[in-house]
Amino acid sequence: MARILVVDDQPMVLKCLKSALTADGHDIATVTAGDLALKLVGFQSFDVIITDYAMPGMDGLRFLEITQQKSPGVPVIMATGYGTADTAMEAMQKGAFDYLAKPFSLDALRTTVSAALEYVKARNSIPELTQPDPTALPFPNVVAASAAMKGVCARIVELAPRDGAVLFQGEPGTGKEILARTIHARGSRRDDLFERVDCSRLREGGSIGALLEHSKAGTLYFRQIGSMPPQMQKELSAIILTRRFRAYDGGGDAQLRTRIIASTTTHLEKLTVDGRFNPDLLQALKETTVTVPPLRTRPEDARIHIGLMLRRFLNPGEKVPIEPEALMVLENYPWPGNLPELEETIRNASCISGGMCIRAQHLPRGFLRMATTGDEEQLRQIDLKQFRGRVVKSFLNNIKQEYEHVLDKIEKFAP
């Protein structure tokens, strides 16, 4: 049984629709004006809303716009006796689930309502987006529903209590620094500072020992270690192996008390072969290297990331406002920019949708092409043909019914 709201300024229409839908086992609420309907939407929840287009005061399109703000994701079916193709197109563009031209048959009504309820069922069958499994969030800001990320997290648990250096390697945006901070937070130096060093800004003549001597951090995180100057690579290799460094305050060698964690987006083995990375440093980091997989290889994690990012724009208790079609596109997109690209896409889609339900058209144009094996324009043409087919079929049925009505009158009065 579904909870359905019907809005129409004609009491007889309301009575007819309520009778038909109640017979199908649904719970029906009826109102005769858009402003009254908005009051109901404000404090009651509905699975489907059916509204007339032409009503005194607030028309159906305005009611549709406000309803999507109050109850994003609830399918709204637009019905009218003043239908034109432009009206249908405008209603669909503003977010109507479907369109019925009066007079429509009860079979057409039931078919459309059933399709809307199937949509609701599909939308609500995505529990990971609203309530992710706690085991998929082993550490703060770390998602590990996939087997690959579970392996990464197991490695973090193993390495965190140790004092040895750790290297994270993976594509840009895969969350290497978050994982480095996780090791720091789970290690013996958790109460000390975590300091990031951007290796691309280091210059020849610099000293790792000087960094260690003046740093008060418990962990030094060397970002993009492949960009570190060669002499500093050699020095860091010796420090990791001996756990001592040269102090520049005249005190000779000093004991290493700082955790060393590094990251790279490049293949250090290739850099070593090319003579651009120190082989001893590569060997020193080899046994404690953790490879972070790209987002495209772990769709289970991508879905949870999508839900977590969407929840930032919601009030507590609200459901994630995204259509299954849009979710499917996001899940199948390869995410070459990984997590930063996903976050930016969700933020932009939320802004474009105006805080209402995110649909596929709110995503960048290239997403359909990259998320499928088919041609983007062909997919758009299929969607357009399906939409046009519904509109044309509706108007043909309308004309057919009017024609049959006229024929009945002619036959009745014919001699």
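The values are calculated or read from the model by the stated rules, or taken from the named source; none is laboratory data. Everything quoted here is computed from the prediction, not taken from an experiment. Heads up, the Cβs are rebuilt from the backbone with ideal geometry, glycines too, and the neighbour counts pull from every protein chain shown.
At-a-glance table
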| read-out | value |
| --- | --- |
| Total residues in segment 213-231, condition under 18 Å from LEU268 (Cβ atoms) and part of a helix (DSSP H, G or I) | 5 |
| Criterion: of a type outside the set (Phe, Trp, Tyr), over 22 Å from SER353 (Cα atoms), surrounded by 16 or more Cβ atoms within 10 Å (Cβ to Cβ) and touching a Lys or Arg at 6+ places or on another chain (Cβ under 9 Å) - qualifying residue of THR80, THR32 | THR80 |
| Residue ID - nearest to the chain's Cα centre (by Cα), chosen from residues in segment 186-206 that are in contact (Cβ under 8 Å) with a residue 24 or more places away in the chain and part of a helix (DSSP H, G or I) | ARG186 |
| Residue under evaluation ILE66, criteria (1) at pLDDT below 90; (2) out of contact with any Leu (no Cβ under 7 Å at 6 or more places or on another chain), criterion not met | (2) |
| Segment 55-64, residues that are without any contact (Cβ under 8 Å) to a residue 40 or more places away in the chain and surrounded by fewer than 16 Cβ atoms within 10 Å (Cβ to Cβ) | GLY57, ASP59, ARG62 |
| Within segment 147-185, considering residues that are of a type in the set (Val, Ile, Thr) and without any contact (Cβ under 8 Å) to a residue 40 or more places away in the chain, the one farthest from ILE208 (Cα to Cα) | VAL157 |
| Where GLU235 falls short, out of the listed (1) of a type in the set (Asp, Glu); (2) under 22 Å from LEU339 (Cβ atoms); (3) surrounded by 15 or more Cβ atoms within 10 Å (Cβ to Cβ) | (2) |
| Hits in segment 270-288 - residues which are of a type outside the set (A, V, I, L, M, F, W, C) and touching a helix residue (DSSP H, G or I) at 6+ places or on another chain (Cβ under 7 Å) | THR272, ASN278, PRO279, ASP280, THR288 |
| Search result, residues across segment 207-244 that are of a type in the set (S, T, N, Q) and within 41 Å of the chain's Cα centre (by Cα) | SER215, THR219, GLN224, SER227, GLN233 |
| Matching entry among ALA88, ALA37 (being at pLDDT below 85, touching a helix residue (DSSP H, G or I) at 6+ places or on another chain (Cβ under 7 Å), crowded, with 17+ Cβ neighbours inside 10 Å and at negative phi) | ALA88 |
| In segment 2-21, residue nearest to the chain's Cα centre (by Cα) [restricted to those that are among the hydrophobic types (A, V, I, L, M, F, W, C) and within 17 Å of ALA108 (Cβ to Cβ)] | ILE4 |
| Filtered residue count, segment 54-77, keeping only those that are outside any helix (DSSP H, G or I) and either more than 23 Å from PRO11 (Cβ to Cβ) or in contact with a Cys (Cβ under 6 Å, 6 or more places away or on another chain) (or both) | 5 |
